[in-house]
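Worksheet for the structure shown next.
The values are calculated or read from the model by the stated rules, or taken from the named source; none is laboratory data. Just so we're clear, the structure is a prediction, and the values are computed from it rather than from any experiment. Cβ sites come from the backbone with ideal geometry, for glycine too, and all protein chains shown count toward neighbours. Areas reflect the complete protein model, heavy atoms only, side chains present, ligands, DNA and RNA absent. Shrake-Rupley method; radii C 1.70, N 1.55, O 1.52, S 1.80 Å.
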Amino acid sequence: MIGFDLAARDGHVADGPDFRMLIGGELVAGVGVVDVIDPADESIVAQCPIASEAQFDQAVAAAQAAFGEWRHVPPVERARMLRALGAAVAARGEELARLLTREQGKTLAQARDEVRFACAFVDYFADNTELPVEIRRDDDGQRIEIRRRPLGVIAAICPWNFPLLITLYKLAPAVAVGNTVIIKPAPTTPLTSLRIGEIARDVFPAGVVNIIADDNRLGPAITAHPGIAKLSFTGSTPTGKAIMASAAGTLKRLTLELGGNDAAIVLDDVDPAAIAEAIFGAAFVNSGQVCIALKRLYVHASIYDEMCDRIAALARAAVVGPGNAETSQFGPVQNRRQYDKVRGYIDDARRHGRIVAGGVLPEGPGFHVPLTVVRDIADGCAVVDEEPFGPVLPIISYTDLDDVVARANASPYGLGASVWSSDAARGAAVARRIESGTVWVNQHCAFGPDIPFPPAKESGLGVEWGRDGLLEYTAMQVININKS
Ligand code: NAD
């Protein structure tokens, strides 16, 4: 339920409960509240403040004011503060993991992993605050220096699948190189990001980090605001397109990490027993709500039956339940809208294929979806061609390698993909033919702070992570000196 007091939008600031936004170094209430729902049982976890456009303007003004000094803070000092942020997050790791489980649904073990990954990203960018000047030419006549400058105020708009990780892996590179930042989490998972605001308040000068929240209506004001230099967005492809259109008016820099429909191709030389668990893990991690989860599994006909049997057996044995129950291995789908969408994909799977695991949803409350595997299905139906973003895996048989490569590439998406072979060189040769930003060989979904993450096609624009991702938070400047 979204509770919003329109009268309050005109200026009255509602009493905030336990969660406040960080604007200009102050923890503040919003002009309304939204209930944050626990996907495990649909109870209310907490009420989250909603920022008005006027409060967003205040955040932009505070971030612009802070940028003037922050850009000149020595890199070593920015690194020190980022390390302090990482250490403070780690120190409150258990509390954050428990809150993450309640707002997002994932199991406590996965929530703890998310906290650890988030800290690793913060530490990586803390180690990379210095951007050395590159001397491209220096001779008797000319010296050419390639420098990097911060952009100004960055706005980061985040989704609900990894709220803590994504908040921190956008915040850290932005401020590492001298920008200031405003983070807006998704309305269904704002709580851990608001806690990061509390932590950041004690670490950074006022205005360097701002965290605001909304009820899904503030987006257009953010993406059109003339005070924002760059948008870093992770979310769906349709929203990415709307953001690009809205940002055109002020020609903002954009990094867009959007949807994916990652194909995996299992070659005929593979022993299904050796890879079944890795494939299963890559498909169902975070209950399939991962942009780079394995979403279409193409298996050579000679090993198709065995592969289907093994994946289905793993799925049937998996325990889906509340994330904070010790027995649960997979949590619920994050929100009602996504749950209804996933239900639609399961119906589609039933119409076009044979469901061999899961497929029957328990009575509520909660958005629990059993891990669902569908076989004897082909390209051309929604559950294969689109992105379910939930625990549903279609397994498709193929016989001809060229044909399956063409089918893997016949998607508007191009985020990740994988090729599985007992011969890594053969796998890599096939991998090079796939039109995706990342193609793994004999693994899927492997990522790290130092590995660039570039989307292809309608999966987005730009790069995140690694040095390439860091540079996207800067503008190149050429200093061209005539020495003659
Ligand atoms: P979404 O696009 O609906 O929302 C994402 C964020 O955008 C939210 O914070 C939302 O409030 C905001 N938003 C909504 N409308 C907006 C607008 N017009 N202008 C500006 N902001 C707006 O996506 P979602 O439902 O939160 O996430 C699911 C989708 O995100 C999936 O398709 C998934 O593949 C994709 N995703 C991609 C990655 C990646 O790295 N490529 C990671 C996670 C999720």
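Remarks
- Using Cβ point charges alone (K and R +1, D and E -1), the dipole size of segment 263-448 about the Cα centre works out to roughly 520 debye.
- Full-stretch length increase - Asn482, Ala120 - with 0.36 nm per residue and alpha-carbon distance subtracted: 126.0 nm
- Cα-based Kirkwood hydrodynamic radius, segment 263-448, one decimal, Å: 16.4 Å
- A viscosity of 0.692 mPa s and a temperature of 37 °C, combined with the Kirkwood radius over C-alpha pairs in the Stokes-Einstein formula, give segment 394-484 a diffusion coefficient of 213 µm²/s.
- Atom-type composition of the exposed protein surface of the chain places 52 percent of the accessible area on carbon and sulfur (1.4 angstrom probe).
- Ordering Val383, Trp440, Ser422 by Cα displacement along the dipole of segment 263-448 toward the positive end leaves Val383 in first place; charges were set at the Cβ atoms of Lys, Arg (+1) and Asp, Glu (-1).
- Protection proxy ranking, peptides 175-181, 340-346, 460-466, average beta carbon neighbours within 10 Å, highest first: 175-181, 460-466, 340-346
- Scaling against 2.2 N^0.38 Å puts the C-alpha radius of gyration of segment 362-422 at 1.36.
- Taking a straight line from the alpha carbon of Lys230, these aspartates and glutamates sit under 12 Å away, with near neighbours fewer than eight places off in the same chain left out: Glu472.
- Using a cutoff of 8 angstrom between alpha carbon atoms and counting only pairs six or more residues apart, the relative contact order for the chain works out to 17 percent.
- Here the simple spin-label model places points 7 Å from the Cα toward Cβ, and for Ala475 and Arg337 these points are separated by 3.4 nm.
- Segment 263-448, relative contact order [Cα under 8 Å, separation at least 6], %: 27 percent
- If the chain linking Ala61 and Ala274 were pulled fully straight, counting 0.36 nm for each residue of separation and taking away their Cα-Cα distance, it would gain 71.1 nm.
- Using only the C-alpha atoms, the convex hull of the chain corresponds to 150 Å³ per residue.
- Couplings 3J(HN,Hα) of segment 395-400, computed from phi: 10, 10, 8, 9, 10, 10 Hz, in residue order, whole Hz [Karplus 6.51 cos²θ - 1.76 cosθ + 1.60, θ = phi - 60°; x for Gly and Pro].
- Cα-based reach from Lys241 at 15 Å (exclusive), listing aspartates and glutamates while leaving out same-chain residues under 8 positions away: Glu257, Glu458
- Relative protection proxy for 32-40, 213-221, 73-81, 286-294, from highest mean packing down: 286-294, 32-40, 213-221, 73-81 (other beta-carbon atoms within 10 angstrom).
- In the distance distribution for segment 414-458, Cα-Cα pairs more than 11 Å apart total 63 percent.
- Cross-link partners for Lys295 among the lysines, with Cα-Cα distance under 16 Å and sequence neighbours closer than 8 places in the same chain left out: Lys341.
- Model label zone, Arg149; criterion: amide N under 11 Å from point 7 Å along Cα-to-beta-carbon; scope segment 450-484: 475-479
- Segment 122-192: translational diffusion in µm²/s, Stokes-Einstein, Kirkwood Rh over Cα pairs, 4 °C, 1.567 mPa s: 91 µm²/s
- The stretch between Ala91 and Val360 holds 92.8 nm of extra length on full extension. This uses 0.36 nm per residue minus the Cα-Cα distance.
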